[in-house]
């Protein structure tokens, strides 16, 4: 029982990441009809926003006054962090510690800008081209973005720490009456899950309750008719692209402490996120979220030793197997609508 | 001749001639000159040209003709390699059973994956093939370690049974005793040309593969595949069942990939899971579209182009760059090198990605279309100025 | 003798009864028109005949055999060819290649792994295609890219492709929709000529009364998914129910 609960929790954070990326993919696909293979790269860039900010905060210079002498008797100069100089000792230390959450503020404008540039500069010209061309050009873009990051940040993963206060783990077991340490769960993963829930809720509320969202939803259902109403749907779709980029980017920012960001994390997540989108149903936002969590949790159960003893290696392929079965039995996915990408 | 029309026969003969003379043609620079680094006439690289040529020729039968964009063909390449290595471990170091098995196994594999994936079309198909390939990669990397030797990759060893080989059989892949890595080097003046057994085996098989692909292109079957790409609705209402056509194309391209994988293993007897990664699938897509999807010659050109520049670009480092631009004033030299640096050496993938985008954006028809455009431009100019110079032909 | 017999066909889409108890008999070697206002279920009926849709109940018999549950390509191989509202041709291929495909389908069936001999060596098929191209006055456009032809020529090519299969029943879905008057008249003449020259049954769905009355020998009027009347053109012209159905439509349109 406790093991099952633990796996359920473990599945949540990965599921959250899948859900957030798949949500953006679906938004872009549903509104613009574009299959964006570069969406994983956006997630990766988000994670590197966190890396960048923490690097900026750790910029330092040597102190002008020596703090003592080293073992050779030469004067020793300490590193002084710029932020501590500018914002004071304690505020600076706090900012450095909280660099990942602070990166959210930094990442939102960056990601929206990247989204706008991508849409206006590239994707826009591919609306009328075949899907194969869209896939190919965004695939090329994904490689470029990934290689650029690799060039600046190197090939090795860069550990990025969560704030001190969240580094511990929470003992769920005690709360639920199990043995201590039976179910321990890192605070940050809980936060990640809560954060994802907020973002997902935000996106849904935005689409549900604002006029803008209403038009976008109508556009997802029937683009031509909405266009005929004289509404400038293209402009709204550009904004949606920016929002989708921001969602994926934020998913990446917050994911940085869970898995040290590396340049190919986007590709790794992208393949799975596509599977998630297809399982959920192309063009269905609730489907994307549902399938994201479902597959995240499923993957985490498959990695239990009890399961692996029966079916070795099942954790490596479970998502694909499920996706293939679903595509064959329910071609539209769990919650796909009729008529979306049928032919 | 050979059941081909004049034009196709010409293309085939041209490719045959180029392939046979490649060890000479690709070594235009004397061995001790500074330009020798641009030579491509050494066996290892030439083998890659033709092997990936085979891969792309096969992929083109699927993608170029039917328009089905598979992102999983590297899986068949990998399966081919594993099968070939196993054959060399168990049966014989002779490459013939190894290559045969790799084609057969890849074919069977592609029947299964194709049957499932082809139940959907468009992006669903692309994503399904991607999922299958990634699944195969994961399996090869972890669970199937007894078969694939996981991360290390599958290798041959002296303790392998090799039941058909006698005590004196060569311990390296060979064709009835002629080892794949054996080569004759002929020096002509300061030029040095290497003729290797492995390369000529690959080149011959590539020519066979190319010939079969021409036959398919010109056959009623090929016409039907192009019809699939053009209008499936019309096909269905013309009494044609599209599924077996697409599946046949998928399996044929899978077998080509298996052949390529088998040859890779025959040239260098090891097989690793990274050959199945989806970036490898992306590479063959790029070769095909860069050369020109749906054209005969395109995939061969694309494969050669990519493998050549991969090789050259990877070799260029800052020292080489400094050598090139040393004639410039220091400041400008450093500036230019700083700009070029990210794209060469380890930055080859960045160049590859950019190339990918540029080709899709500006030249969807690939190099072949580009060549035709230039050709038309020349012809028009000629017609405009009405010069009597009729012997000059546009560069290919 | 009836070549096509539709009995008690019902088709529902959610809450909408698209077809209700449709009975339709098409006699061999006639031109039978199905008319009706928008939303009368004409296209739904057609789709039920060619295997795109499967009726909820009822039966569709072609030449004494049921077509229900068969795939479109199987139904085509039984002898039903369909012409679409917007011409469905192989736009990426040449006109000649377009013509070859139905000829191969006729000769080799739904699938043939005919990958070795070249297209050019199959004289029987080439000749048959050439014959059709000449007959349909498309021979001079042989090497043209099919997508670059005029709409009238595309329509002509599509009809030619259907005829190349020697179908027993030719279904036309508003073949003159969106055409200029001259093109419409050409199409009427073409269809008349086809009817005269071969043993073929033509079923046509049409909006344009001019086309219907120039061609049809029998007319079925469909309204709200149910056949109102079936009669000869002369009797249909004066039929009060038909006037009512069409008057209703013209008011909607106004």
Quick one: go through the stretch B:142-162 and flag any residue whose amide nitrogen is under 16 Å from the point 7 Å out along the Cα-to-Cβ line of residue B:108. B:147-148
Two decimals, Cα atoms only, Kirkwood Rh: what is Rg/Rh over chain A? 1.03
Prolate/oblate/rounded call for the stretch C:162-231, Cα gyration tensor, a/c under 1.5 rounded: oblate
Cα gyration tensor shape of the stretch B:6-276, rounded if a/c is under 1.5, else prolate or oblate by comparing a/b with b/c: oblate
How far is helix A:131-153 tilted off the main Cα axis of chain A, in degrees rounded to 10, range 0 to 90? 0 degrees
From the Cα trace of the stretch A:1-131, what convex hull volume per residue do you get, rounded to a whole Å³? 213 Å³
Starting from the Kirkwood radius over alpha-carbon pairs of chain C, derive D by Stokes-Einstein at 25 °C in a medium of 0.890 mPa s and give it in µm² s⁻¹. 128 µm²/s
What's the whole-number percent of alpha carbon pairs in the stretch B:201-241 lying beyond 15 angstrom? 52 percent
The stretch C:121-244: radius of gyration over Cα atoms, expressed as a fraction of 2.2 N^0.38 Å: 1.23
Mind jotting down the distance between the C-alpha centroids of the stretch C:149-181 and the stretch B:289-323, whole Å? 48 Å
On the formula 1/(1 + (r/R0)^6), with r taken between the Cβ atoms of residue B:268 and residue C:7 and R0 of 51 Å, the FRET efficiency rounded to 0.05 is 0.15
If one compares the long axis through the Cα atoms of helix C:95-108 with the longest principal axis of the Cα atoms of chain C, the angle in degrees, nearest 10, works out at 80 degrees
Given 10 Å bins starting at zero, what is the percent of C-alpha pairs of the stretch B:13-80 in each, up to the one with the largest pair distance? 18, 36, 27, 16, 3
So how much slack lies between residue B:17 and residue B:380, counting 0.36 nm per residue of separation and subtracting their Cα-Cα distance, in nm? 127.6 nm
Between residue B:330 and residue A:217, the two model label points (7 Å from Cα along the beta-carbon direction) sit apart by a distance in nm of 6.7 nm
Expressed as a fraction of 2.2 N^0.38 Å, the rule-of-thumb size for a compact globular protein of N residues, what is the C-alpha radius of gyration of the stretch B:264-371? 1.28
Can you tell me the Rg and Dmax of the protein assembly as shown, counting just the alpha carbons, in angstroms? 33.0, 119
Between residue A:65 and residue A:106, 0.36 nm times their residue separation minus their Cα-Cα distance comes to what? 11.4 nm
Counting only DSSP beta bridges fully inside the stretch B:6-276, the antiparallel percentage to nearest 5 is 90 percent
Taking the Cα-to-Cβ direction at residue C:59 and at residue B:158 and moving 7 Å from each Cα, how far apart do the two end points lie in nm? 8.0 nm
Could you please state, rounded to a whole Å, how far the C-alpha centre of the stretch C:41-56 is from the C-alpha centre of the stretch B:66-119? 43 Å
Simple SL model, points at 7 angstrom along Cα→Cβ for residue C:235 and residue B:318; separation in nm is 9.6 nm
Identify which of C:112, C:27, C:223 has the largest mean-square fluctuation in a Gaussian network model of chain C, with springs joining Cα atoms closer than 10 Å. C:112
Report, in deg cm²/dmol and to the nearest 500, the calculated mean residue ellipticity at 222 nm for chain C, where each DSSP H run with n ≥ 4 adds -39500 (n - 2.57) and the sum is divided by the residue count. -12000 deg cm²/dmol
Would you mind checking the radius of gyration and Dmax of the stretch A:71-221 based on alpha-carbon positions, in Å? 22.9, 75
Listing B:115, B:82, A:185 from the residue with the fewest other Cβ atoms within 10 Å to the one with the most, what is the order? B:115, A:185, B:82
In bins 10 Å wide, starting from 0, what share of all Cα pairs of the stretch C:89-166 does each bin hold, as a percent? 20, 55, 24, 2
Need one number: % antiparallel among DSSP beta bridges in the protein assembly as shown, to the nearest 5. 70 percent
How tilted is helix A:265-280 with respect to the longest principal axis of chain A? Cα atoms for both, answer in degrees (0 to 90, nearest 10). 30 degrees
For the residue B:38, residue B:187 Cβ pair and Förster radius 25 Å, calculated FRET efficiency rounded to 0.05 is 0.85
Please average, across the residues of B:352-362, the number of beta carbons from any other chain that are within 10 Å of each residue's own beta carbon, and give a whole number. 6
Net lengthening on full extension, residue A:56/residue A:2 (0.36 nm per residue, minus Cα-Cα): 15.2 nm
Among B:135, C:209, which comes first, second and so on when ranked by fewest other beta-carbon atoms within 10 Å? C:209, B:135
Among C:131, C:97, what is the fewest-to-most ranking by other Cβ atoms within 10 Å? C:131, C:97
Rg over Rh [alpha-carbon atoms, Kirkwood Rh] for the stretch B:312-369: 1.12
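Quick note: the coordinates plus some simple rules give every number you see, no bench work behind them. What you are looking at is a predicted structure, and each value in this text was computed from that prediction instead of being measured. All Cβ positions, glycine included, derive from the backbone under ideal geometry; neighbour counts span all protein chains shown.
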